[in-house]
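See below for the structure under consideration.
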Amino acid sequence: MAKRPPTREELPAEGRITAIRPRPDGLRVRLVVDDVFRIDVEPEAARAVSPGDPWTPETAEAMWRSAHFASAKRRAMNTLGARAVSRGELIKRLIRSGHDAEASERAADRMGELGLVNDEAFARSVASSTVSGKPAGRRLVETKLRSKGIPAELARRVADETADSRDALADAVSLARTRAERMDPGLPRETVYRRLTGLLARRGFDAEVCREAVARVVKADS
């Protein structure tokens, strides 16, 4: 497990930078203060100081921010290496892992600049998988996107476009018919109607589509 960056309270109040050493990963540089305190920062931040420079409160603050940004970037890349996530979900994960909000947002922005985070592409992928496995209505697609950290406006737009590309009634009828075929043929008509309507509602279909789909399936099986 990677060593966490220091808290502000752990920073030396004063001192002198005694060494600057590149880290093996090439992404960070280690600053050593008074041969005791160590902090890993971005190469850009390390270039602003030299061995022998005083460790001032201003330097400490700048290096603290750089250390947390560098750590958040590494965690973000590890997260995205496992699977794609939205920008919002990435930020939440970084904060839950102990990074501060500013460093988490900056890291997510950097991942976007590198093309590793793309909410639009991610939203379309999630929407496609949501409706391909089992028929689903617009509401469920939008809810699923929001739960993945997609912003409301983008989630609504992608859900609308996904719904427009499909025949909602045909999807609802197909799902209702499949479920009806697995039901006990002795169930009362009202029970079948209620269960099928509940199923379609949970799958995000609008009330009108639910009513029409279930009416078709129940009528066909009568």
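The values are calculated or read from the model by the stated rules, or taken from the named source; none is laboratory data. Fair warning: this is a prediction, and the values are worked out from it, not measured in the lab. So basically every Cβ, Gly included, is an ideal-geometry build from the backbone, and we count neighbours across all protein chains shown. The accessibility values were calculated without ligands, DNA or RNA, using every heavy atom of the protein model including side chains. Shrake-Rupley method; radii C 1.70, N 1.55, O 1.52, S 1.80 Å.
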Item to complete: Check off (1) out of contact with any Ser or Thr (no Cβ under 9 Å at 6 or more places or on another chain); (2) within 30 Å of LEU154 (Cβ to Cβ) for MET63 and give me the number that stays unchecked.
Response: (2)
Discussion item. For the condition in contact with a helix residue (DSSP H, G or I) (Cβ under 8 Å, 6 or more places away or on another chain), within 30 Å of THR197 (Cβ to Cβ) and open to solvent by 70 Å² or more (accessible area, probe 1.4 Å), what is the one hit in LYS148, LYS134?
Written reply: LYS134
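Name every residue in the range 198-222 that is modelled with pLDDT under 90 and hydrophobic (A, V, I, L, M, F, W, C), in order of residue number. Lay out the reasoning, then the answer.
Filtering the range 198-222 for residues modelled with pLDDT under 90 gives 219-222.
Answer for the range 198-222, where residues must be modelled with pLDDT under 90 and hydrophobic (A, V, I, L, M, F, W, C): just ALA220.
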Discussion item. Condition check: over 30 Å from MET77 (Cα atoms), touching a residue at least 60 places away in the same chain (Cβ under 8 Å) and among the small types (Gly, Ala, Ser). Does ALA172 satisfy that?
Written reply: no
Worksheet, complete the sentence: Pairs returned, first residue in the range 44-56 that is more than 11 Å from ARG16 (Cβ to Cβ), second residue that is surrounded by fewer than 12 Cβ atoms within 10 Å (Cβ to Cβ) and not β-branched (Val, Ile, Thr), beta-carbon separation under 6 angstrom, 6 or more apart or interchain, are none
Discussion item. I'd like the residue in the range 11-22 that is in contact (Cβ under 8 Å) with a residue 12 or more places away in the chain and out of contact with any Phe, Trp or Tyr (no Cβ under 7 Å at 6 or more places or on another chain) and, out of all such residues, is farthest from THR59 (Cα to Cα).
Written reply: PRO22
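On the basis of being in contact (Cβ under 8 Å) with a residue 40 or more places away in the chain and not in a helix (DSSP H, G or I), does GLY115 make the cut? Spell out how you get there, then give the answer.
Details: in contact (Cβ under 8 Å) with a residue 40 or more places away in the chain: no; not in a helix (DSSP H, G or I): yes.
Here the answer is no, as GLY115 does not meet what is asked.
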Practice prompt. Name every residue in the range 1-56 that is open to solvent by 90 Å² or more (accessible area, probe 1.4 Å) and over 25 Å from ILE95 (Cβ atoms), in order of residue number.
Written response: GLU14, ARG16, ARG21, PRO22, PRO24, ASP35, VAL36, ARG47
Item to complete: List the number of the failed condition for SER97; all other conditions in (1) more than 10 Å from the chain's Cα centre (by Cα); (2) buried (at least 18 other Cβ atoms within 10 Å of the Cβ) hold.
Response: (2)
Worksheet item: How many residues are touching a Ser or Thr at 6+ places or on another chain (Cβ under 9 Å), assigned to a helix (DSSP H, G or I) and over 12 Å from GLY204 (Cβ atoms) if we restrict to the range 123-153?
Response: 4
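Among ARG195, ARG157, which is the only one that is modelled with pLDDT of 95 or more, under 30 Å from SER86 (Cβ atoms), open to solvent by 70 Å² or more (accessible area, probe 1.4 Å) and part of a helix (DSSP H, G or I)?
On the way: ARG195 fails: under 30 Å from SER86 (Cβ atoms).
Result: ARG157 is the single residue among ARG195, ARG157 that is modelled with pLDDT of 95 or more, under 30 Å from SER86 (Cβ atoms), open to solvent by 70 Å² or more (accessible area, probe 1.4 Å) and part of a helix (DSSP H, G or I).
For ALA121, state whether it is surrounded by 24 or more Cβ atoms within 10 Å (Cβ to Cβ) and modelled with pLDDT of 95 or more. I'd like the intermediate steps shown before the answer.
On the way: surrounded by 24 or more Cβ atoms within 10 Å (Cβ to Cβ): no; modelled with pLDDT of 95 or more: yes.
So ALA121 does not fit the description; no.
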Response to the item:
Residue pairs within 6 Å by beta carbon, gap of at least six or interchain, first lying in the range 58-82 and in contact (Cβ under 8 Å) with a residue 12 or more places away in the chain and of a type in the set (A, V, I, L, M, F, W, C), second outside any helix (DSSP H, G or I) and open to solvent by 60 Å² or more (accessible area, probe 1.4 Å), listed first then second, are LEU80/LEU116
